[in-house]
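The values are calculated or read from the model by the stated rules, or taken from the named source; none is laboratory data. Computed from a predicted structure; not experimentally measured. Heads up, the Cβs are rebuilt from the backbone with ideal geometry, glycines too, and the neighbour counts pull from every protein chain shown. Surface accessibility is based on the protein's heavy atoms, side chains included, excluding ligands, DNA and RNA. Shrake-Rupley method; radii C 1.70, N 1.55, O 1.52, S 1.80 Å.
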Amino acid sequence: MTQDVFFPIGTPGQPWNEHEKAQWLEQVTIKRSYHDEVVSQFSYLTDIFEMVNYGALDFDPVKYPLFAFKSKNWDDNKKTILVTGGVHGYETSGVHGAIQFLKTKASFYHSFFNIAVAPCVSPWGYETINRWNPYAVDPNRSFYANSPANESAALMSFVATLGDIYAHIDLHETTDTDELEFRPALSARDGKNYEKGLIPDGFYLVGDSDNPSPEFQKAIIESVQKITHIAPDDDGELIGVAIEQFGVINYPTKKLGLCAGMTNNHFNTTTEVYPDSPLVTTQECNDAQVAAITGALDYIIDYLK
């Protein structure tokens, strides 16, 4: 339903101008450290992976370098798997799930695939626990040519150096703050009325409506189901979108400029962990992200036999 929601920045019905975007930025604060919580863990990941500094955020290049990892023994005869986390920096398990995968599981799959992982695509968003970047732009709607998001453009440039991407797993969360903070802010930024939505209680996936790959998505759900609960549908929908199967909805990933649609991959999925559920712990959220990756890779190994 459409309802009037007061947001403290802007004029109702009018999109934000540059002054109002600056007002928004002024009230954003640093809440945690990218270097202490993320970059500090990278020194443990270089045994079988090459660490690549693929750029930096133009907002503060010294504070926000961008890092990815790729298989050291790159083999053009292998399929290439891309894992991305922290495209929305506030979605914590996406970042730490990607790092946990590198630490605990990636070495096994290294013999089957070339693997590339970008654990924290939006480090400013990570530090400020924010969905947008400093310019009030959503990186996960910006994966297209001449992107307005430095985070998205830098990642696309790096990924272009990897050759063909066979599968892409993009790690996300759906949090209570999506409805309490970020979607009301989005409506205010765009001069629209806020339409209240529902946050699913549990894990779900967003597949690609142009390449839905239902068996691939099902395998991931079954893997994650061993770790945490899957979101029940709401009258056949999740977040207002018709379910394709249990725990899965589909979006047109390329049309929407989503990270999962930035390459012409054979398989892709976007995970959505629900960290605010009383039924899960922080560690279980990270474990669910890892289970999504391994479920996807196990399926591909069988698929390619």
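At a glance:
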read-out	value
Number of positions in segment 87-123 that are out of contact with any strand residue (DSSP E or B) (no Cβ under 9 Å at 6 or more places or on another chain), open to solvent by less than 10 Å² (accessible area, probe 1.4 Å) and touching a residue at least 60 places away in the same chain (Cβ under 8 Å)	0
From Asn250, Asn264, Asn286, residue being open to solvent by 10 Å² or more (accessible area, probe 1.4 Å), touching an Asp or Glu at 6+ places or on another chain (Cβ under 6 Å) and not aromatic (Phe, Trp, Tyr)	Asn250
Answer residue from segment 289-305, given it is open to solvent by 30 Å² or more (accessible area, probe 1.4 Å) and either out of contact with any Phe, Trp or Tyr (no Cβ under 7 Å at 6 or more places or on another chain) or not in a helix (DSSP H, G or I) (or both) and is modelled with the lowest pLDDT among those	Lys305
Given (1) at pLDDT 95 or above; (2) assigned to a loop (DSSP other than H, G, I, E, B), index of the condition Gly197 fails	(1)
Checklist (1) aliphatic (A, V, I, L, M); (2) closer than 18 Å to Ile81 by Cα; (3) in contact (Cβ under 8 Å) with a residue 60 or more places away in the chain applied to Ala136, failing item	(2)
Residues of segment 149-194 classified as of a type in the set (A, V, I, L, M) and part of a loop (DSSP other than H, G, I, E, B), total	3
Counted residues, segment 212-245 - those being open to solvent by 50 Å² or more (accessible area, probe 1.4 Å) and either within 20 Å of Val280 (Cα to Cα) or in contact (Cβ under 8 Å) with a residue 40 or more places away in the chain (or both)	10
Of residues in segment 53-71 being open to solvent by 20 Å² or more (accessible area, probe 1.4 Å) and touching a helix residue (DSSP H, G or I) at 6+ places or on another chain (Cβ under 7 Å), the one nearest to Val290 (Cα to Cα)	Phe67
Qualifying positions in segment 116-130 - under 29 Å from Tyr166 (Cβ atoms) and either among the small types (Gly, Ala, Ser) or in a loop (DSSP other than H, G, I, E, B) (or both)	Ala116, Ala118, Pro119, Cys120, Val121, Ser122, Gly125
Breaking point among (1) over 30 Å from Glu18 (Cβ atoms); (2) open to solvent by 10 Å² or more (accessible area, probe 1.4 Å); (3) not hydrophobic (A, V, I, L, M, F, W, C), for Asn193	(1)
Residue within segment 66-84 that is small (Gly, Ala, Ser) and closer than 22 Å to Val206 by Cβ present	no
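A quick yes/no check of all residues on (1) over 20 Å from the mean Cα position of the chain (by Cα); (2) in a helix (DSSP H, G or I); (3) surrounded by 20 or more Cβ atoms within 10 Å (Cβ to Cβ):
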position: Gln23; (1), (2), (3): yes, yes, no
position: Arg32; (1), (2), (3): no, no, no
position: Phe42; (1), (2), (3): no, yes, no
position: Asn73; (1), (2), (3): yes, no, no
position: Leu82; (1), (2), (3): no, no, yes
